[in-house]
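The values are calculated or read from the model by the stated rules, or taken from the named source; none is laboratory data. Nothing here was measured: the structure is a model prediction, and the numbers come from that model. For neighbour counting, all protein chains shown are included, and Cβ atoms are generated from backbone atoms with ideal geometry for every residue, glycine included.
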Amino acid sequence: MNIRILCSLLFLLMLPILLVGQKKSKFKSLQQKQSSQVLLKRAEEVKEKDPLDAIAIIEGVISSERGKKSRSNLLGQAYFLLGNIYEQIGQDELAEQRYLAAIKFKSKKEDKLDAQIYYRLGIIDLQRRNEKGALINFNNCIQISLIDDITLKCEEGIADIKIMMNDNDAAIADLDSLKEKYDLDSISLARIEARKSRAYTNLKDYDKASSSLQKSYNTIPSKDKVKKEDIVQIEKANEEFFSDAEISNISQIEIQNTIDYTNVNDDNLVRENFRKSMLYEEDNMLEKAEESLVESKRNITPNTTADLAAEVYKKSYETNLIKGRISIAIDDLQNYIDSKEKEISELENNLKEEIEIVKSQKKIDIAEKDFDLKQKDEILLKNQISTQRIIIGLLSLILLASIVFFYFLYKNIKAKRKANQLLYLKSLRTQMNPHFIFNALNSVNNFISQNDEKAANKFLADFSHLIRRVLEYSQQDFIEINDEIELNELYLKLEHFRFRDKFKYTFENTIENVMKLEVPPMLIQPFIENAVWHGLRYKEGGGNLKISFEETKNHLVVLIEDNGIGRAKSKALKTKNQKKYNSTGLDNVSKRIQLINEIYGKNYEIMVSDLHPEQEDTGTLVKVKIPLV
């Protein structure tokens, strides 16, 4: 009992110290959180002027906040800012990755951040012309946004999708409804009118397009209050209208004169005066063209983009040189050179900056991977040895079971594949060329119609003998080469009997050492048939067919030579009905050879070429290489 009382007294004494320590810990945590928020605010301020500095700040915030689940919303803000920077330099893919990472780390209470992320993802999809993805992101933004400004921009994005898909009337109706739905400030109204101008331009309603364009520019507040992303739509509407408008140059100039370009940026007055100068020049109003050119040059400031300034100075140089104003032309030329050098320098600096930004991102990625690895190592170290052994044992059993399963699965698939190949090979073997059978029966019919019963009976007897052999050999994978030769001699005898006035043939059976060599049945017949039917049958004055054999070290080569009309001419002579006929003989041979080579590890080869390409009747040479082993 005394021990319990003593412990209670000690606890009461220590309680104030513990409470103070807890308060100090909370204060320190709050102080760190405020510090990270200040840093992120600083990064937000400098991201456009000094993106590298902003990335360095964000990297520090990510490093300090990583692993603190209670403040994951700060990580979400950090990744969102990184996405802004990558989007700013045109690295949309990197920007998208950072925005998705921001969603991963977001806090459920950060509806504003979530809506902004979906809005930026929608803008990226719009630039890629991914209408479906953009629509999903904009709708997600609208559903969760509690701020009118973000919701408005997402609804404007949906109008952009409709304009992109050429649904311009619906886009205009949506944009008009936004005027009634929201209390619009001047820049929001300018954006909406710019979009309406684009839609009207697509509809070729140039009066309404120019009216909306004028409203868009003339309602913009001071350029110091306009963000870069706000004027993108306005400048886009201006460019689309003057590029597409099917109106006279003077009408375009009149419309330009009604628009106040001063509140957008320093480039607009320069660009629009230069555009007017070109329009005047096209109408041969050279004096006014020069006045507009001079006005364009007068509005060039140090803030004017170098490429635009170079374009204006170049035109001014050419004009003054023609007019004989050498001194002014030299000044323009020097300014042109300076602007070009500035443009190149800016491009180099931008490229270097982008490279450094990408390098900085790689550092962040490496730091994230290192952190993840460190966390995994800590988790592994905390696990007990017994638990590790159980997991390793289970994994080993699963791995072993998987290996056994996949081994038998592979073995089964391989066996089935081979069975299917053998079945397919057998089906190819059993296919007797229907073209030959049909014509052979026609020949019998022809002999009978001519009352040549003796010829018909003889042909039919030989034909029956051939069919019996074909059916017998079709059940076998391989037959002896001697049987194959006898089969083809019989076939060729029948073909010659039918077309004896069309060709002569020689069959040189000189095989001695390889009489027992086994070959696929009906290997040579399709080539003999092809030579007769497509090479010799059309030859005037009769032709010659020669079948011979050559023995090499590793192959028996079957040579089928004809002096027929050749492949190209035969193809040209085919009738419309013949072209519809899809002969499968040669195709079957190719498929069979491919399967036999694969299944049995053979190396059969077939080569077809013109025998005499320099002659009108080129003839054909077929080489069938049969492996001896």
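Output yes when any residue across the range 564-581 is of a type in the set (Lys, Arg), surrounded by 16 or more Cβ atoms within 10 Å (Cβ to Cβ), closer than 21 Å to residue 625 by Cβ and modelled with pLDDT of 85 or more, and no when none is.
Among the residues of the range 564-581, not one is of a type in the set (Lys, Arg), surrounded by 16 or more Cβ atoms within 10 Å (Cβ to Cβ), closer than 21 Å to residue 625 by Cβ and modelled with pLDDT of 85 or more, which makes the answer no.
How many residues does the range 231-277 contain that are among the hydrophobic types (A, V, I, L, M, F, W, C) and in a loop (DSSP other than H, G, I, E, B)?
Start the filter on the range 231-277 by keeping residues that are among the hydrophobic types (A, V, I, L, M, F, W, C), which leaves 231-232, 234, 237, 241-242, 245, 247, 250, 253, 255, 259, 264, 269-270, 274.
Checking the rest, the ones that are also in a loop (DSSP other than H, G, I, E, B) come to 245, 247, 259, 264.
Of the residues in the range 231-277, 4 are among the hydrophobic types (A, V, I, L, M, F, W, C) and in a loop (DSSP other than H, G, I, E, B).
Matching residues to (1) of a type in the set (S, T, N, Q); (2) buried (at least 18 other Cβ atoms within 10 Å of the Cβ):
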{"position": "448", "(1), (2)": "no, no"}
{"position": "454", "(1), (2)": "no, no"}
{"position": "464", "(1), (2)": "yes, no"}
{"position": "482", "(1), (2)": "yes, no"}
{"position": "488", "(1), (2)": "yes, yes"}
{"position": "493", "(1), (2)": "no, no"}
{"position": "514", "(1), (2)": "no, no"}
{"position": "520", "(1), (2)": "no, yes"}
{"position": "523", "(1), (2)": "no, yes"}
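In the range 131-156, what residues are within 25 Å of the chain's Cα centre (by Cα) and not polar (S, T, N, Q)? Don't jump to the end; show me each part of the working.
Of the range 131-156, the ones within 25 Å of the chain's Cα centre (by Cα) are 131-138.
Once the filter is applied, which keeps residues that are within 25 Å of the chain's Cα centre (by Cα) and not polar (S, T, N, Q), the range 131-156 yields 131, 132, 133, 134, 135, 136, 138.
Each row is one residue, and each column tells you yes or no for (1) touching a residue at least 24 places away in the same chain (Cβ under 8 Å); (2) touching a helix residue (DSSP H, G or I) at 6+ places or on another chain (Cβ under 7 Å).
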residue: 468; (1), (2): no, no
residue: 482; (1), (2): yes, no
residue: 508; (1), (2): yes, no
residue: 526; (1), (2): yes, yes
residue: 532; (1), (2): yes, yes
residue: 570; (1), (2): yes, yes
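Would you point out the residue of the range 215-230, among those that are under 16 Å from residue 198 (Cβ atoms) and modelled with pLDDT of 80 or more, that is surrounded by the most Cβ atoms within 10 Å (Cβ to Cβ)?
Going through the qualifying residues, I end up with 216.
Do we have residue 281 as in a helix (DSSP H, G or I), modelled with pLDDT of 85 or more and under 45 Å from the mean Cα position of the chain (by Cα) here?
Working: in a helix (DSSP H, G or I): yes; modelled with pLDDT of 85 or more: yes; under 45 Å from the mean Cα position of the chain (by Cα): yes.
Spelling it out, residue 281 is indeed in a helix (DSSP H, G or I), modelled with pLDDT of 85 or more and under 45 Å from the mean Cα position of the chain (by Cα).
Does residue 344 satisfy being surrounded by fewer than 20 Cβ atoms within 10 Å (Cβ to Cβ), at pLDDT 85 or above and closer than 25 Å to residue 235 by Cα?
So residue 344 fits the description; yes.
Any idea which of 146, 135 is touching a helix residue (DSSP H, G or I) at 6+ places or on another chain (Cβ under 6 Å) and part of a loop (DSSP other than H, G, I, E, B)? Before you say what the answer is, go through the steps one by one.
Values: 135 fails: part of a loop (DSSP other than H, G, I, E, B).
None of the others qualify; the one that does is 146.
Is it the case that the range 111-121 has a residue that's of a type outside the set (Asp, Glu), without any contact (Cβ under 8 Å) to a residue 24 or more places away in the chain and farther than 20 Å from residue 188 by Cα? Even if it seems obvious, please write down each step before you answer.
Here is the first cut: in the range 111-121, the residues of a type outside the set (Asp, Glu) are 112-113, 115-121.
Next cut, without any contact (Cβ under 8 Å) to a residue 24 or more places away in the chain only: none.
No; the residues of the range 111-121 include none that is of a type outside the set (Asp, Glu), without any contact (Cβ under 8 Å) to a residue 24 or more places away in the chain and farther than 20 Å from residue 188 by Cα.
Within the range 271-295, track down each residue that is among the aliphatic types (A, V, I, L, M) and buried (at least 18 other Cβ atoms within 10 Å of the Cβ).
Step one: filter the range 271-295 for residues among the aliphatic types (A, V, I, L, M), giving 278-279, 285-286, 289, 293-294.
Once the filter is applied, which keeps residues that are among the aliphatic types (A, V, I, L, M) and buried (at least 18 other Cβ atoms within 10 Å of the Cβ), the range 271-295 yields 279, 289, 293.
Give just the number: which of (1) under 30 Å from residue 262 (Cβ atoms); (2) outside any helix (DSSP H, G or I) does residue 166 not satisfy?
The failed condition is (1).
Give me the residue from the range 538-563 that is among the hydroxyl-bearing types (Ser, Thr, Tyr) and under 30 Å from residue 518 (Cβ atoms) and, out of that set, modelled with the highest pLDDT. Lay out the reasoning, then the answer.
Let us first name the residues in the range 538-563 that are among the hydroxyl-bearing types (Ser, Thr, Tyr), namely 538, 548, 552.
Filter again for under 30 Å from residue 518 (Cβ atoms), leaving 548, 552.
Numbers: 548: 90, 552: 86.
Filtering the range 538-563 for residues that are among the hydroxyl-bearing types (Ser, Thr, Tyr) and under 30 Å from residue 518 (Cβ atoms), the one modelled with the highest pLDDT comes out as 548.
Looking at this structure, is residue 211 within 24 Å of residue 165 (Cα to Cα) and either of a type in the set (Phe, Trp, Tyr) or free of Cβ contacts under 8 Å to residues at least 24 places away in the same chain (or both)? Walk me through it before giving the result.
Values: within 24 Å of residue 165 (Cα to Cα): yes; either of a type in the set (Phe, Trp, Tyr) or free of Cβ contacts under 8 Å to residues at least 24 places away in the same chain (or both): yes.
For residue 211, the condition - within 24 Å of residue 165 (Cα to Cα) and either of a type in the set (Phe, Trp, Tyr) or free of Cβ contacts under 8 Å to residues at least 24 places away in the same chain (or both) - is met.
Looking only at the range 127-159, count every residue that is modelled with pLDDT of 90 or more and of a type in the set (Asp, Glu) and tell me the total.
3
Test each condition in (1) in contact with a Leu (Cβ under 9 Å, 6 or more places away or on another chain); (2) aliphatic (A, V, I, L, M); (3) under 19 Å from residue 625 (Cβ atoms) for residue 536 and report the one that comes out false.
(3)
Assuming residue 166 fulfils every condition listed in (1) crowded, with 18+ Cβ neighbours inside 10 Å; (2) modelled with pLDDT of 85 or more apart from one, which condition is it?
(1)
Test residue 287 against the stated conditions and say whether it is in a helix (DSSP H, G or I) and under 19 Å from residue 265 (Cα atoms). Break it down stepwise before answering.
Working: in a helix (DSSP H, G or I): yes; under 19 Å from residue 265 (Cα atoms): no.
Considered against the rule, which asks whether it is in a helix (DSSP H, G or I) and under 19 Å from residue 265 (Cα atoms), residue 287 comes out as no.
Could you grab me the full set of residues in the range 460-498 that are modelled with pLDDT under 80 and more than 54 Å from the chain's Cα centre (by Cα)?
Of everything in the range 460-498, just one residue is modelled with pLDDT under 80 and more than 54 Å from the chain's Cα centre (by Cα), namely 498.
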